[in-house]
Amino acid sequence: MLLIDCPHCGPRSETEFSYGGEAHIARPLDPAALSDAEWADYVFLRDNPKGLIRERWMHAHGCRRWFNVARDTVTYEILTVYPMGAEPPDLPERRYP
Amino acid sequence: MVEDFLRQSPLSHLGLATHARAEIAADDGVALAERPFRTVITLRGPGGEGAFASAVEQASGLKLPQEVGAITGEAEGRQLLCLGPDEWWLCDGNSDAESLLVALEDELAGQFASAVDTSDNWFALEISGPQATDLLAKACPLDLHPRSFPAGRCARSLLSKAPMTLQKLDESPRFRIHVRRSFADYAWRWLSDAGREYGVSVLSA
Amino acid sequence: MRLKRWFKAALHRRVAADTIQPETGIGRCGTTGWSEGAATGMNKRYSIFSLARNAFSRHENWQEAWRSPTPKPRYDAVIIGGGGHGLATAYYLAKQHGMTNIAVLERGWLGGGNTGRNTTIVRSNYLWDESAALYEQAMKLWEGLSRELNYNVMFSQRGVLNLAHNLHDLREIQRRVNANRLNGIDGEVLDAQQVKDFCPAIDLRAGGRYPVLGASLQRRGGTARHDAVAWGYARAADALGVDIIQECPVQGIRVADGKVQGVETARGYIETNKLGIVVAGHSSLLAEMAGFRLPVQSVPLQALVSEPVKPAINCVVMSGAVHAYISQSDKGELVIGAGVDKYVGYGQRGSQPVTEETVAAICEMFPIFRRMRMMRQWGGIVDVCPDASPIISKTPVEGIYINCGWGTGGFKATPGSGWAFAHTVARNEPHPLNAPFTLDRYRTGYLIDEHGAAAVAH
Ligand SMILES: Cc1cc2nc3c(=O)[nH]c(=O)nc-3n(C[C@H](O)[C@H](O)[C@H](O)COP(=O)(O)OP(=O)(O)OC[C@H]3O[C@@H](n4cnc5c(N)ncnc54)[C@H](O)[C@@H]3O)c2cc1C
Ligand SMILES: [Zn+2]
């Protein structure tokens, strides 16, 4: 179970949160200009790392705010929490075979 | 707004009044009491000590709490609960929502803010008694130890999967819970059932 | 005395305690010491006579089920992943397509991935034509599998119930049963009383909160023994000459001019022009080694088993609404499946709140199980596609084929998946059965949306 440190409410159980998947995906400014392949990549392709992931969470049953989390998908350690729109923090890459 | 004499508690079918008591029975560990018609006004606006905060203070007579989880006001009277960085509840046990709303709208005129009467969306109940914390801990993932959740704090969380807003009123301890009106029956029965091992008294509304 | 004999046998087979997973109790059934040059095709058939013969030597001289060869420098085809799907692929490559100079590379031990961790539900009552055809092909193969492999996979067609708890569920069930029948797949709609008659242990009121209003029943559905499926395919493939190489993780894939050249492994470089990737939760990692991306997310799915009891539940019961499913193993343990964790994860355990929710659901449906104690809980990493259907497809790299995205429900497809994937690898083109399950479908928009459409996604 994850204990997620909400920037507004402090550490809370994962059951209070909704998961938003990979962070930092920019919505294409002009979707109509994309090829089918580019659009499909935007809609369906997500990082699926065994190691460091940067992802979005929303405190659905708390303050109802979105924020970003950097997490290790193997140890489940939450490395840092940072606001929406912020640059991804510089963290050493983690990869497991 | 429904006329007062037409209003019904969502628990009216349980006939709680027939076995309600004034105080918790001596050998019971928890007491439950419904608080069906409380006023809740949902406020949205910018945090900080700006125009929004002073407008709310003008209309309600209470300082706008700035930290999520903080409460200003009196447990039995009017309260402001900070539930998010730009979201508050103005709660009141007695005064009618309409006059409060009018006052708020006057003060907030021209601001990028909103005040909405959500009273009929909510149903409140109170849990008290020596084992109130134990009972609540079965239903909710919050750390309820007085060290991290002392009297005078609030939090939104889950009550056995049902979204709730929780306040700790005092260290006796006594908690107040708001759940959506349609969850009233579920919440009540769930707590009554989970509290059986402690003994549950029903207090009059 | 008996214990001593058992101990000797255990040593012989190298089922050492330290290789047994603490969480799952999944043991390695590896083989070593089988001489390198041992001829293939030497597997003696299992039969009542071989059983009797071996009884004379106190069952100490059974031949190893498969060899443990040193990898050759080159194979005509290499399959990465020694789960059920990879082993079945190798078997059908050898059996149906005459490709015997092939190898299966497994990073750990056979069936140690999702194959040995799943709740073994087998059914073919999927909603859409494309899925129905694929899963029904698997069902037909299941029905003859023990004989085909000369290995008892304990396939038990005890019937699978999918419960309806509200009117919407009921309508969905009717729709699905109609669709199944049009596709020649058996299916029935039961009313509440018929559910009770079929599975007496169930509480129709289910705590009052999720009353059971009816169910769909696929009588041909049921369960199979998960490890036996991996072992049976391994033994049969080995007998046809396939090299099965355990403890051999693939660490890199060499590609030149858009064509596959070979794989780097912990046991050296292996050259090949045909590479099949069948690694479930690790699919994204292998795809990345080959230089392309997949639309899958890896999440833990968990299961748990109870202490063993006498037969109490005679079929498989699944409920999409409360999200739990249950059956009883031949050992007597209740086998309970849960939902997935909601976030990407490679930890083979599964989140505590999910366990709790599942157990609560089971207790509502089966109040008689409330006092059962749970013995083990574990997770497997499932690879979930956006449309909850698998990918059995060619890839952007020539000579690389991928079979993934089975998510929470690929065990039931094991024979069909291997069968269709072998065709794809051997012929360099998909079989009509798996032609719709391309990697390309996310670009063409031809999705096969089985999210909940076939009740619980398992
Ligand atoms: C808890 C649980 C319950 C389930 N219940 C059901 C059910 O009731 N019914 C059903 O139909 N399905 C069920 N499933 C799904 C089913 O288990 C899978 O879809 C199926 O077993 C996948 O088989 P596979 O052979 O593709 O994968 P796996 O058995 O996972 O095999 C993949 C193999 O690839 C290996 N590998 C990975 N990386 C490398 C590498 N770099 N080099 C070499 N080898 C590598 C792994 O070690 C692994 O052995 C369940 C899954 C889980 C986790
Ligand atoms: Zn929060």
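Over region B:1-48, with a single point scatterer placed on each C-alpha, what log10 of the ratio I(q)/I(0) does the Debye formula yield at q = 0.17, 0.20, 0.32 1/Å? Taking Cα atoms of region B:1-48 as identical point scatterers yields -0.74, -0.86, -1.28.
Sort out for me the Cα centre separation of region C:264-333 from region B:59-113, rounded to whole Å. After rounding, the separation between the Cα centres reads 52 Å. For chain A, the alpha-carbon radius of gyration amounts to 1.19 times the rule-of-thumb value 2.2 N^0.38 Å expected for a compact globular protein.
Remark on the protein assembly as shown: ratio of C-alpha radius of gyration to 2.2 N^0.38 Å is 1.09. Legend: residue pairs C:Lys95/C:Lys274; A:Lys50/B:Lys161; A:Lys50/C:Lys342; C:Lys95/C:Lys394; C:Lys72/C:Lys95, Cα-Cα distance threshold 25 Å; pairs beyond threshold, A:Lys50/B:Lys161.
In summary, the helical segments of chain C meeting the span-like criteria, namely a full DSSP H run, a Cα extent along the axis of 15 angstrom or more and a mean Kyte-Doolittle hydropathy of at least -0.5, are C:84-97, C:226-239, C:352-365, C:414-427.
Working from label points 7 Å from Cα in the Cα-to-Cβ sense, the C:Glu307 to C:Lys259 distance is 6.3 nm.
Roughly speaking, what is the stretch gain from C:Arg175 to C:Ala266, that is 0.36 nm per residue apart minus the C-alpha to C-alpha distance, in nm to one decimal? Computed gain between C:Arg175 and C:Ala266 is 27.7 nm. Using the empirical formula 2.2 N^0.38 Å as the baseline, the Cα radius of gyration of region B:20-71 reaches a ratio of 1.80.
Which residues does the label zone of C:Arg370 cover in region C:194-226, counting backbone N under 18 Å from a point 7 Å along Cα→Cβ? Counting only backbone N, you get C:201-212.
Estimated translational diffusion coefficient (Stokes-Einstein, Kirkwood radius over Cα pairs, 10 °C, 1.306 mPa s) of chain B: 90 µm² per second. All Cα-Cα separations within region B:72-157 were binned at 5 Å from zero, giving a P(r) of 3, 10, 18, 23, 19, 12, 8, 6, 2, 0, each value a whole percent of the pairs.
Computed about the Cα centre, the dipole magnitude for region C:303-419 is approximately 340 debye when only Lys and Arg (+1) and Asp and Glu (-1) carry charge, each at its Cβ.
Short to long, the 10 Å bins of the Cα pair-distance histogram for region B:39-119 hold 21, 61, 18, 0 percent of all pairs.
Modelled this way, with points 7 Å down the Cα-to-C-beta line, the labels at C:Arg53 and C:Gln193 are 5.7 nm from one another. Can you tell which of C:Ser327, C:Gly214, C:Ser351 lies farthest toward the positive end of the dipole of region C:210-353, using +1 and -1 charges on the Cβ of basic and acidic side chains (Lys, Arg; Asp, Glu)? Value computed over the given set: C:Gly214.
Loop-resident GluC sites (Glu not before Pro) (DSSP state other than H, G, I, E or B) in region C:51-146 with no more than 13 further Cβ atoms inside 10 Å of their Cβ: C:Glu60. In this Cβ point-charge picture (+1 for Lys and Arg, -1 for Asp and Glu), the protein assembly as shown has a dipole of about 4020 debye about its Cα centre. Can you classify region C:266-373 as rounded, prolate or oblate using the Cα gyration tensor, where a ≥ b ≥ c are the square roots of its eigenvalues, rounded means a/c under 1.5, and otherwise it's prolate if a/b beats b/c and oblate if not? Taking the square roots of the gyration eigenvalues as a ≥ b ≥ c, region C:266-373 is prolate.
What is region C:307-351 by shape, rounded, prolate or oblate, if you read a ≥ b ≥ c off the alpha carbon gyration tensor as root eigenvalues and call it rounded for a/c under 1.5, prolate for a/b larger than b/c, and oblate otherwise? It is oblate, given that a/c is not under 1.5 and a/b is not larger than b/c.
Here the accessible area is traced with a 1.4 Å probe on the protein chains. For the protein assembly as shown, carbon and sulfur cover 52 percent of it. Distance from the C-alpha centroid of region C:344-415 to that of region C:79-133: 16 Å, rounded to the whole angstrom. Dipole magnitude for chain B: computed about the Cα centre from +1 point charges on Lys and Arg Cβ and -1 point charges on Asp and Glu Cβ, it is near 660 debye. Using all pairs of distinct alpha-carbon atoms, the Kirkwood hydrodynamic radius of chain C works out to 22.6 angstrom. From the residues C:Phe369, C:Pro69, A:Gly21, which one has its Cα farthest along the dipole of the protein assembly as shown in the positive direction, the dipole being from +1 and -1 charges on Cβ of Lys/Arg and Asp/Glu about the Cα centre? It is C:Pro69. Straight-line cross-link reach from C:Lys310 at under 27 Å between alpha-carbon atoms covers these lysines, not counting any fewer than eight positions away in the same chain: C:Lys196, C:Lys331, C:Lys412. Less than 16 Å from a label point 7 Å out along the Cα-to-Cβ axis of C:Glu398: which backbone N atoms in region C:410-443 qualify, by residue? Under 16 Å, as judged by backbone N against the label point of C:Glu398, lie C:427-429 of region C:410-443. Label-to-label distance for C:Leu167 and B:Lys161 is 2.2 nm, based on points extended 7 Å past Cα in the beta-carbon direction. Report summary: the helix-based calculation at 222 nm, which adds -39500 (n - 2.57) for every DSSP H run with n ≥ 4 and divides by the residues of the protein assembly as shown, gives -7000 deg cm²/dmol. A cut-off under 11 angstrom between Cβ atoms defines the neighbours of C:Trp66, and their net charge, with Lys, Arg +1 and Asp, Glu -1, is -1.
The values are calculated or read from the model by the stated rules, or taken from the named source; none is laboratory data. Here the structure is a predicted model, which means the values were calculated and not measured. Note: ideal-geometry Cβ built from the backbone for every residue, glycine included; neighbour counts use all protein chains shown. Surface areas here come from the heavy atoms of the whole protein model, side chains and all, with no ligands, DNA or RNA. Shrake-Rupley method; radii C 1.70, N 1.55, O 1.52, S 1.80 Å.
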